[in-house]
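The block underneath contains the structure these notes are about, expressed in structure tokens.
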Amino acid sequence: MIRVKNLTKSYRERLAVDDISFAVGKGEIVGFLGPNGAGKTTTMRMLTGYLMPSCGEVWIGEYNMAAESLAGRRLVGYLPETAPLYTDMTIRGYLTYAARLRGLDRKRTKARIDEVVVTCGLADYVDVILGKLSRGYRQRVGLAQAIVHEPEVLILDEPTAGIDPIQVAQTKALITELGKDRTILLSTHILPDVSAICERVIIINKGRILAEDRIDNLSDTMKAGKRLRLTVDGPAEAVSEALSQIDLVLSVTFEKPHHYIDYSFDQEPQAAITRVMVEHGWTLLAMEPAGVGLEDIFLKLADDAGSIH
Amino acid sequence: MRNIGIIAAKEFRSYLNAPMAYVVTAIFLALSGTFFATYLAATNYSDTSLTGFLNAAGFLILLFAAVLTMRLIAEEKKLGTFEFLLTAPVRDVEIVLAKFAGSVAVLTAMLALTLYYPLLLIVFGDPDLGPIATSYFGLLLIGGASLAVGVFASSITSNQIVAAAVAGGILFGLWFLGTAARFAPGGLGEVLSYLSLADHFPDFVHGIIDTRAIVYYLSVTALFLFLAVRSIETGRWG
């Protein structure tokens, strides 16, 4: 449904998107993963027809966005980075405007709004002015306007950014549900989001595609994906040595006073670690997740790309 | 046409929901009403015409247009809703025409509110209705041209104040070309006079509908709406 060929965007001297090509098939949910400033938003803006590419082509369905932008735009629902809300309108007024602009007639508009406010958890707020909504609700309204006309293609720019964990879970569930019968491209810089929702990821950094594969195939690349921080009462070097003997552990690094353990995202080494501690008679004072090594992945991928050339 | 209707209706509703249109309309009515009344008093109520109102109205409409249009596109750029609008299946020219139409509706409503001036004249005197009709036609033409300039100014920035200043600059510049024309030699003077927003208006006040004047005002309107469309298109190239 989405095809991108040699897409390039330069702003004066700076290359924001550098010759990228990819495709998203009908019914696929694909994650667009990259740190801030990687070119995700610029790419999505070109996909939706908001920006013209400096070079290259975008196809939405059978439409070339350079020649038949209007027909292409009709197929797309788009949630920009910040939900684009008219602060003086009510939720109902805004969604009506969005649906009518995308070609729905009055009757269909009314029916669809009644549906999406329930889908997006906005049913109790339809007459609230948008300017008075909290960030989480703004994001929901943003999602509602993107799906109100039942587009075949959904392009979501950081749909889970800036909302609380419960809402993140709800949003993920909603996207998964929506993805059953439509094509979705979503961007994020949060690794677990992608592995939870998407079948495939495109990893982008500095305007270039670093990797593109199914989630399960990327596991090698994502070996650094999970990390634990241990605080152990025991001789640091011996502890490192013993921990690195565990099968499930990929690497151990010691940065006083913590040991960091990297392990594959589909493994659970906690039990084995606890056993090792007990066997050696050391005290495990703390064991906690130490965040996601996305930066590490990018560095690694960038390194790999660099070493090829 | 459908898209233009939808967007224009939304713009008109936004005007009704915000204080801006009411404030400028109130100021316009207060000022133009004062000019209307003081002129009548100055002539000792012998000249039952709109002259007092009309002398000020043209210029007041420029101010009105600059303030009324400043938010039309600039605000969308600031709010991020421009991305929403530009990714909807709507042509850039439809957006510009709809925004323009929304502001013309407000202008028309405001001018309609001034119709009680001629009404007063009809009730208490015997005004010449022909020139009054042509004057209102002229005011609509000046207003349309001014609003088009405002739409263009709003399309080139995300800052409403800058938009108003640019619109004001262009409009006053075009208005006072007429004054400049009087000091310019022969041919140049005529050209400047033709290009002036002000110099075509007196004909309408005197009940004359001059095709050249209509062509002039419509050309200015079309030119600035075209420039606004180009400005949006240029924005897409980042």
Would you point out which residue out of A:A71, A:A66 is closer than 24 Å to B:I6 by Cα and touching a strand residue (DSSP E or B) at 6+ places or on another chain (Cβ under 8 Å)? A:A71
Which residue, of A:E68, A:E81, A:E28, is away from chain B (no Cβ under 11 Å) and surrounded by 15 or more Cβ atoms within 10 Å (Cβ to Cβ)? A:E28
Among (1) in contact with a helix residue (DSSP H, G or I) (Cβ under 8 Å, 6 or more places away or on another chain); (2) at pLDDT 95 or above; (3) among the small types (G, A, S), the one test that B:A198 misses: (2)
The conditions are (1) at positive phi; (2) within 11 Å of another protein chain (Cβ to nearest Cβ); (3) not polar (S, T, N, Q), and A:G39 fails exactly one of them. Which is it? (2)
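Quick grid of which residues meet (1) modelled with pLDDT of 85 or more; (2) out of contact with any His (no Cβ under 8 Å at 6 or more places or on another chain); (3) surrounded by 16 or more Cβ atoms within 10 Å (Cβ to Cβ); (4) outside any loop (DSSP other than H, G, I, E, B):
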residue	(1), (2), (3), (4)
A:R138	yes, yes, yes, yes
A:G142	yes, yes, yes, yes
A:I155	yes, yes, yes, yes
A:G162	no, yes, no, no
A:T176	yes, yes, no, yes
A:D181	yes, yes, no, no
From the list B:G58, B:G102, B:G5, exactly one residue is at pLDDT 95 or above and within 15 Å of the chain's Cα centre (by Cα). Which is it? B:G102
Which condition from (1) over 15 Å from the mean Cα position of the chain (by Cα); (2) farther than 18 Å from B:I170 by Cα; (3) in contact (Cβ under 8 Å) with a residue 60 or more places away in the chain is the one that B:I73 breaks? (2)
Given (1) within 14 Å of chain A (Cβ to nearest Cβ); (2) under 22 Å from B:A167 (Cβ atoms), index of the condition B:E83 fails: (2)
Subset of the range A:146-182, residues polar (S, T, N, Q) and either in contact (Cβ under 8 Å) with a residue 40 or more places away in the chain or more than 12 Å from A:I197 (Cα to Cα) (or both), comes to A:Q167, A:Q170, A:T176
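I'm trying to understand the selection: among the residues of the range A:70-101, which are outside any helix (DSSP H, G or I) and over 19 Å from A:L185 (Cβ atoms)? Break it down stepwise before answering.
Looking only at the range A:70-101, we keep the residues that are outside any helix (DSSP H, G or I), and these are A:75-90.
Scanning the range A:70-101 gives A:L85, A:Y86, A:T87, A:D88, A:M89, A:T90.
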Can you find a residue in the range A:50-69 that is assigned to a helix (DSSP H, G or I) and free of Cβ contacts under 8 Å to residues at least 24 places away in the same chain? yes
Can you find a residue in the range B:107-117 that is in contact (Cβ under 8 Å) with a residue 40 or more places away in the chain, part of a helix (DSSP H, G or I) and among the polar types (S, T, N, Q)? no
Evaluation of A:L104 against (1) in a loop (DSSP other than H, G, I, E, B); (2) touching a residue at least 60 places away in the same chain (Cβ under 8 Å); (3) within 27 Å of B:I95 (Cβ to Cβ) (one fails), failing number: (2)
Can you find a residue that is closer than 27 Å to A:G131 by Cβ, surrounded by fewer than 18 Cβ atoms within 10 Å (Cβ to Cβ), more than 12 Å from chain A (Cβ to nearest Cβ) and of a type outside the set (S, T, N, Q) anywhere in the range B:104-116? yes
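The values are calculated or read from the model by the stated rules, or taken from the named source; none is laboratory data. Source: prediction; values computed, not measured. Counting neighbours? That spans all protein chains shown, and the Cβs are built from the backbone with ideal geometry, glycine included.
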